[in-house]
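Below: one structure, written as structure tokens.
The values are calculated or read from the model by the stated rules, or taken from the named source; none is laboratory data. Keep in mind the model is a prediction, meaning the values are calculated, not measured. Cβ: placed from backbone, ideal geometry, glycine included. Neighbour counts: every protein chain shown. To get the accessible areas, we keep the full protein, side chains included, count just its heavy atoms, and leave off ligands, DNA and RNA. Shrake-Rupley method; radii C 1.70, N 1.55, O 1.52, S 1.80 Å.
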Amino acid sequence: QVQLVESGGGLVQPGGSLRLSCAASGFIFSINTMGWYRQASGKERELVARITGRGVTTYADSVKGRFTISRDNTKNTVYLQMNSLKPEDAAVYYCSVEYTYPEVWGQGTLVTVSS
């Protein structure tokens, strides 16, 4: 059974940083591309970043230079380091198993950016 458990969200001031984690289980983590998505209130879910099993990364234009996706295949965990946060980054953040289990979502972790 594929499971994804996101954590690390919280309230941060504009310009601040957060590091999100996603613990994965139930599949072969190391060979799968993982993604981070976000969904703001009243908006559709959007891709934030993605990382292949070999560590090749892609980012949405809106977060390039501010967010960094990484993974630890020994811990079956994918991370999202978010720096220079803006109010428009506020959303529920989810991780995903790209292409292989696109229908599986965790509970998400809420990021609030406010002064």
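Taking the criterion of being within 16 Å of LEU80 (Cα to Cα) and either in a strand (DSSP E or B) or in contact with a helix residue (DSSP H, G or I) (Cβ under 9 Å, 6 or more places away or on another chain) (or both), the residues of the range 12-29 that qualify are VAL12, LEU18, ARG19, LEU20, SER21, CYS22, ALA23, ALA24. Only one entry in THR100, THR33, THR68, THR77 is open to solvent by 60 Å² or more (accessible area, probe 1.4 Å), of a type in the set (Ser, Thr, Tyr) and under 13 Å from the mean Cα position of the chain (by Cα), namely THR68.
No other residue among ALA60, ALA91, ALA23 is closer than 16 Å to VAL2 by Cβ and either among the polar types (S, T, N, Q) or modelled with pLDDT of 95 or more (or both) apart from ALA23.
Inspect all residues belonging to the range 40-53 and state whether any of them is of a type outside the set (Asp, Glu), closer than 19 Å to VAL12 by Cα and more than 14 Å from the chain's Cα centre (by Cα). Yes, the range 40-53 contains at least one residue that is of a type outside the set (Asp, Glu), closer than 19 Å to VAL12 by Cα and more than 14 Å from the chain's Cα centre (by Cα). ASN83 satisfies every condition listed in (1) exposed (fewer than 15 other Cβ atoms within 10 Å of the Cβ); (2) free of Cβ contacts under 8 Å to residues at least 24 places away in the same chain; (3) not aliphatic (A, V, I, L, M) except (2). Got at least one residue in the range 26-38 being out of contact with any Pro (no Cβ under 9 Å at 6 or more places or on another chain), at pLDDT 95 or above and within 21 Å of SER114 (Cα to Cα)? Checked the range 26-38: at least one residue is out of contact with any Pro (no Cβ under 9 Å at 6 or more places or on another chain), at pLDDT 95 or above and within 21 Å of SER114 (Cα to Cα). The number of residues in the range 30-53 being without any contact (Cβ under 8 Å) to a residue 40 or more places away in the chain, part of a strand (DSSP E or B) and not acidic (Asp, Glu) comes to 3. Against the numbered list (1) within 20 Å of ALA24 (Cα to Cα); (2) open to solvent by less than 70 Å² (accessible area, probe 1.4 Å), SER114 comes up short only at (1).
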